[in-house]
1. Quickly work out the ALA272-to-ARG232 label distance, labels modelled 7 Å from Cα along the C-beta direction, and quote it in nm with one decimal.
2. Compare LYS21, LYS64, LYS79 in a GNM of the chain, Cα atoms joined below 10 Å, and give the one with the largest fluctuation.
3. So what's the convex hull volume per residue for the Cα atoms of region 227-274, in Å³?
4. Volume per residue, Å³, of the convex hull around the alpha-carbon atoms of the chain?
5. Report, by chain and number, residues whose modeled amide H sits under 5 Å from the one on LEU15, excluding near sequence neighbours (fewer than 5 apart, same chain).
6. Name the residue, out of GLY237, GLY109, GLY222, whose mean-square fluctuation peaks in a Gaussian network model built on the chain with Cα pairs under 10 Å.
7. If the chain between LYS81 and ALA148 were fully stretched, how many nm would it gain, using 0.36 nm times the residue separation less the Cα-Cα distance?
8. Suppose R0 equals 35 Å; then what is the FRET efficiency for LYS170 and GLU200 from their Cβ-Cβ distance, rounded to the nearest 0.05?
Amino acid sequence: MNTNNTSSPIPAFGLGTFRLKGQVVIDSVKNALAVGYRVIDTAQIYGNEAEVGQAIAESGVARKDLFITTKIWTDNYAKDKLVPSLKESLAKLRTDHVDLTLIHWPSPGNAVPVAEFMGALAEAKAQGLTKHIGVSNFNIALMKEAIAAVGAQNIATNQVELHPYLQNRKVAEFAKSQGIRITSYMTLAYGKVIADPVIEAIAKAHGATTAQVVLAWAMQLGYAVIPSSTKRANLEGNLKAQQLKLTDADMAQMAALERNERLTDPAGLSPAWD
C-alpha cells in the first residue's frame, strides 16, 4: 500500500549531509546533483552550509530545480535571533530563500517557548526567506504546541529518526492525522539494518540492495527520506530505491523488525519520546 501524501510540499527523496564536512560534503553534494538528486538537506549546526552552497553553485543546476532544507539551531530560537540567523544561512547557501526551514530540536529546558520560535519561523516564511516551515525531533506534545501556534497546515514536516528498528509509529500516526508529513532521518540506522537477514532476503527476491529495500519501505509508508553517502555508486543505488515496489508481504516483514532501538538521543536536547 502506498500512502504517499501527494499534496505534501516535501519531496519523497533527497540527500542528507549530516556529519559531512569540508571537501567531503562538497564532493557528496556535487556527485549527488550529477546523478540526479535535486533535494539537499543541511542544518546550521552541521557547519557545512557554505560548502553545500559552493557545491550547488559549482554544479550548474538551476536554483529553481532544487529543494534546499536547513534547520535552525537551538541558540537561534529567540524571536530576535531566528530570522537573522536564517539570513546568515542563506548567505552561506548562496540563495535568497530556502524551500524548507526546520526547528532542529526542542528548545532545551523550554528556554524559548514553542509559540515564540514557531511564530518567528512563520515570520521568516512571510518575509519570503523560506517557502515552507516545519519541525524536527518533536514528540506528540510538542507537535500539538507547534500546531496551536501556527496551524497544522503550516507545518510541512516533522523530521525524526525512523528506521526498521525504530518505526516511531505513535509520532508518525499523529503527524499523519494532522496532514504533517514525516521525514525519516537515519533510515539505514547508520548501516545497521543493511545486514539484517530479513531485509537481505527481501532484497535478494527483488534483485535490489538492502539499502534500496529500506528506503523503498519508508517511502511506501508515505515518509520522505534523506540518506547520505560519500560514494557515487551508493548515491546512484539509493536513488533507484524510488523505482522499487515492495509487496504487502515484504512490508509486513519489515513492520515486524520494530525493536524500539533509538540511536540518536542527546541529553539536554531530546524530548520525552512517545
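The values are calculated or read from the model by the stated rules, or taken from the named source; none is laboratory data. Values in this document were obtained by computation on a predicted structure and should not be read as measured data. Here the Cβ is made from the backbone with ideal geometry for all residues, glycine too, and neighbour counts use every protein chain on show. What goes into the accessible areas is simple: the full protein's heavy atoms, side chains included, and nothing from ligands, DNA or RNA. Shrake-Rupley method; radii C 1.70, N 1.55, O 1.52, S 1.80 Å.
1. About 5.1 nm separates the two model spin labels.
2. LYS64
3. Details: hull volume 6.5 nm³, N = 48.
Convex hull volume per residue, Cα atoms: 136 Å³.
4. Values: hull volume 31.5 nm³, N = 274.
Given the Cα convex hull of the chain, per-residue volume reads 115 Å³.
5. VAL39, ILE40, ASP41
6. It is GLY109.
7. Details: separation 67, 0.36 × 67 = 24.12 nm, distance 2.18 nm.
In short, 21.9 nm is gained.
8. Details: r = 29 Å, r/R0 = 0.82.
FRET efficiency, LYS170 to GLU200: 0.75.
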